[in-house]
1. Provide the FRET efficiency to the nearest 0.05 for the residue 106-residue 156 pair, computing r from the beta carbons and using R0 = 22 Å.
2. Report the residue, chosen from 135, 106, 42, that carries the largest GNM mean-square fluctuation when the chain is represented by alpha-carbon nodes joined by springs under 10 Å.
3. Given only helices, namely DSSP H runs of n ≥ 4 each adding -39500 (n - 2.57), what is the per-residue ellipticity at 222 nm of the chain, to the nearest 500 deg cm²/dmol?
4. Give me the number: length gained by fully extending residue 23 to residue 171, i.e. 0.36 nm times residue separation minus the C-alpha to C-alpha distance, one decimal in nm.
5. To one decimal place, what orientation-averaged projected area in nm² is obtained for the convex hull of the Cα set of segment 96-174?
6. Return the label of the correct value of Rg/Rh (Cα atoms, Kirkwood Rh), as calculated from the structure shown, out of (i) 0.97; (ii) 1.14; (iii) 1.05.
7. Tell me, in nm to one decimal, what length is gained between residue 16 and residue 43 on full extension, where the rule is 0.36 nm per residue of separation less the Cα-Cα distance?
8. Measuring with a 1.4 Å probe in the full set of protein chains, what accessible area per residue, in whole Å², belongs to segment 16-174?
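The values are calculated or read from the model by the stated rules, or taken from the named source; none is laboratory data. The shown structure was predicted, so the numbers you read here are calculated from the model rather than taken from an experiment. Virtual Cβ from ideal backbone geometry, glycine too; neighbours counted across all protein chains shown. Remember, those area values only see protein heavy atoms, side chains included, never the ligands or the DNA or RNA. Shrake-Rupley method; radii C 1.70, N 1.55, O 1.52, S 1.80 Å.
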Amino acid sequence: VLAWLVRNPMVENIRRIHPIDFSDEQNVFAFNPLSINEPDEAYGVADLVTEALGRVFGQSKATETPLIDATLNTVFVVLAERGLPVAAARWFLVEKHAEIRERLLAGHPDEYYRDLGSELGRKKGAEFRETVQSAERRIRKLIGNPQIRRIFSQTENTIDFRNAMDNGDVLLMN
């Protein structure tokens, strides 16, 4: 049915159809919620992604888990500014990726973000894990599934959701 809908010219003339098969490893559906057009958009986008991730985990307000939200927001700002996907958050939240984390934060124009890198770099073992464990657990749950990880590991979106909604396009997801 899906193949017929996609190929049927009568249906295509009415609305554009975007078939999405999450299990298809060859044609990855990509979604980077951290994608920005201008550098100053990074802060707002990071706030929205942090809030959305909190809601996925049953949180109604950012004030319920301030440390988790501050950690994730900081990570998401830097990733958005660097054009990186959500899945790259593990570079900040796993101790063995210290060198990558330091490179991403090096030379950041905002002292707050440079200080975060320095602070995390000084922490080792249990102290490091205690600082980031809740934020890391949320990211791990989000991208732990290989199919979901493929979606959030891409830097470019395959579907412009805003345009699809504005045009009344149809998304068929399998």
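1. FRET efficiency, residue 106 to residue 156: 0.30.
2. Comparing 135, 106, 42 in a Gaussian network model of the chain, the most mobile one is 106.
3. Only helices count here, giving -17000 deg cm²/dmol.
4. Extra length from residue 23 to residue 171 when fully extended: 51.7 nm.
5. 8.0 nm²
6. Step by step, Rg/Rh (Cα atoms, Kirkwood Rh) for this structure corresponds to label (iii).
7. Here the answer is 6.5 nm.
8. 58 Å²
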